Amino acid sequence: MAKKRVLMICGDYMEDYEAMVPFQALQAFGVAVHAVCPGKNAGETCRTAVHQLSAHQTYTETRGHNFTLNATFDEIDANDYDGLVIPGGRAPEYLAMDGSVVYLVRKFSETRKPIASICHGQLILAAADSVKGRKVTAYPAVRPVLTDAGAHWVEPESLAACVVDGHLITGATYNGHPEFIRLFVKALGGAISGSEKRILFLCGDFVEDYEMMVPFQSLQALGCHVDAVCPKKGRGDTCPTAVHDFEGDQTYSEKRGHEFSLTASFDGIDVSSYDALVIPGGRAPEYLALDENVISLVRGFVDADKPIASICHGQQILAAAGVLKGKKCTAYPAVKLHVVLSGATWQEPDPIHRCFTDGKLVTGAAWPGHPEFISQFMAVLGIHVVF
């Protein structure tokens with residue numbers, strides 16, 4: 001069967017997670033995803049926004065990653081695609097006023113191809129007259145527009161709520177990505193198997209934003225039970241994240257990212273309760289590598305011969321734990337010294353998205369490699385998505 005092809009409509013200041021999580025998760029699951037923006041070409045970027053709920057009456061916004069488009073809007077033909085994804089953020093406010101965007105969305109709607117839209121993305125659906133008579137949800141502030149457009153509004157019981165009505169899948173916010181993506185995969189004809197796994201994520205303050213959330217929600221979308229823990233923190237506590245990006249400087253830049261909510265307490269974690277471990281990068285591994293409880297936990301997974309996936313600076317922890325000797329391993333290039341001195345055989349990440357598997361160890365260099373990183377980890381875990 002031919003590979004599924006999906007289109008994603010992007011714009012400046014779309015929500016960072018709502019673009020990248022489905023973009024990379026779907027690719028990891030074997031779907032080709034083309035991201036386009038009106039007035040821009042393949043290789044150009046869209047700026048993104050980090051939207052975060054706070055004590056204020058509405059969410060806050062800061063700058064997110066720069067999202068690189070991989071296709072050109074003016075060359076797109078809706079007939080070439082099996083489905084459509086519309087992220088939220090502020091971009092939909094102006095994209096809904098763009099006649100070429102509205103026309104494109106109508107094409108998908110008229111042919112009843114799966115459409116997955118989240119948060120403020122439903123503004124575009126309303127402009128395209130694609131919600132009339134349909135049950136939909138969205139970020140609550142979008143409700144007046146959707147009801148005026150003739151939709152049957154479904155109040156989200158939580159910000160993770162999703163609603164399906166025929167070919168239309170709508171979600172309230174990125175909190176609902178796991179169900180949102182899983183429903184879209186199903187609408188595309190996908191079947192998931194082997195996902196009865198329990199995965200542990202090892203987090204810390206200023207973990208890289210994408211490297212935490214993309215694999216976390218991707219594995220949840222597959223149906224895995226996923227927990228995230230941080231030393232000296234408990235369930236419901238948060239870790240601030242770091243947005244690491246490549247902006248033409250000699251090294252990556254850093255901005256403040258989302259607040260990531262932990263799902264379990266570090267104290268009392270039992271290695272035997274989990275099937276695998278994931279170690280994201282960012283700046284957190286620098287100090288986590290000095291924590292003897294972290295080192296003991298990592299060694300416990302190795303001693304039990306359980307899969308470990310580590311990306312970017314996460315390999316600093318593996319090196320400190322002394323578990324890389326004799327292994328083939330990659331990492332962010334600046335971490336090469338740690339990897340080589342720990343006795344591993346360095347694998348050059350050229351290009352930067354290259355990932356490597358050695359037995360039950362999967363390593364990646366940076367977040368651009370997430371599709372390959374997650375796909376290789378799925379293979380080690382025995383998880384499959386078939387269309």
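The values are calculated or read from the model by the stated rules, or taken from the named source; none is laboratory data. Small disclaimer: the values here were computed from a predicted structure and weren't measured. Methodologically, a virtual Cβ is constructed for each residue, glycine included, from the backbone with ideal geometry; neighbour enumeration extends over all protein chains shown. What goes into the accessible areas is simple: the full protein's heavy atoms, side chains included, and nothing from ligands, DNA or RNA. Shrake-Rupley method; radii C 1.70, N 1.55, O 1.52, S 1.80 Å.
Structural remarks
- Candidate set from region 163-192 (those that are outside any helix (DSSP H, G or I) and open to solvent by 40 Å² or more (accessible area, probe 1.4 Å)); member that is farthest from L26 (Cα to Cα): G166
- Qualifying residue in region 349-361 (condition: free of Cβ contacts under 8 Å to residues at least 60 places away in the same chain and touching a Cys at 6+ places or on another chain (Cβ under 6 Å)): no
- Only residues that are among the aliphatic types (A, V, I, L, M) and either in contact (Cβ under 8 Å) with a residue 60 or more places away in the chain or in a helix (DSSP H, G or I) (or both) were counted across region 319-334, and they come to 3.
- Positions within region 225-243 being open to solvent by 10 Å² or more (accessible area, probe 1.4 Å) and either touching a residue at least 60 places away in the same chain (Cβ under 8 Å) or among the polar types (S, T, N, Q) (or both), in sequence order: P231, T238
- First in region 126-137 and farther than 16 Å from Y103 by Cα, second anywhere and of a type in the set (S, T, N, Q), Cβ under 9 Å, 6 or more apart: R134/T170; K135/T170; V136/S117; V136/Q122; V136/T170; T137/Q122; T137/T170
- When each of G39, G30, G43 is tested for being more than 14 Å from the chain's Cα centre (by Cα) and closer than 19 Å to F180 by Cβ, the lone residue that passes is G30.
- Pick from region 78-112, criterion touching a residue at least 12 places away in the same chain (Cβ under 8 Å) and charged (D, E, K, R), ranking: surrounded by the most Cβ atoms within 10 Å (Cβ to Cβ): D82
- Going through (1) touching a Gly at 6+ places or on another chain (Cβ under 9 Å); (2) outside any helix (DSSP H, G or I); (3) in contact (Cβ under 8 Å) with a residue 24 or more places away in the chain one by one, A160 falls short only on (3).
- One residue from T62, T58, T48 being in a strand (DSSP E or B), under 25 Å from the mean Cα position of the chain (by Cα), among the β-branched types (V, I, T) and over 17 Å from Q24 (Cα atoms): T62
- Of all the residues in region 335-376, those that are open to solvent by 20 Å² or more (accessible area, probe 1.4 Å), in a loop (DSSP other than H, G, I, E, B) and on the phi < 0 side of the Ramachandran plot number 9.
- Of the helices (runs of 4 or more DSSP H) that lie entirely inside region 68-152, those containing 2 or more residues that are charged (D, E, K, R) span 99-110, 143-148.
- S195 being open to solvent by 10 Å² or more (accessible area, probe 1.4 Å), of a type in the set (S, T, Y) and under 23 Å from the mean Cα position of the chain (by Cα): yes
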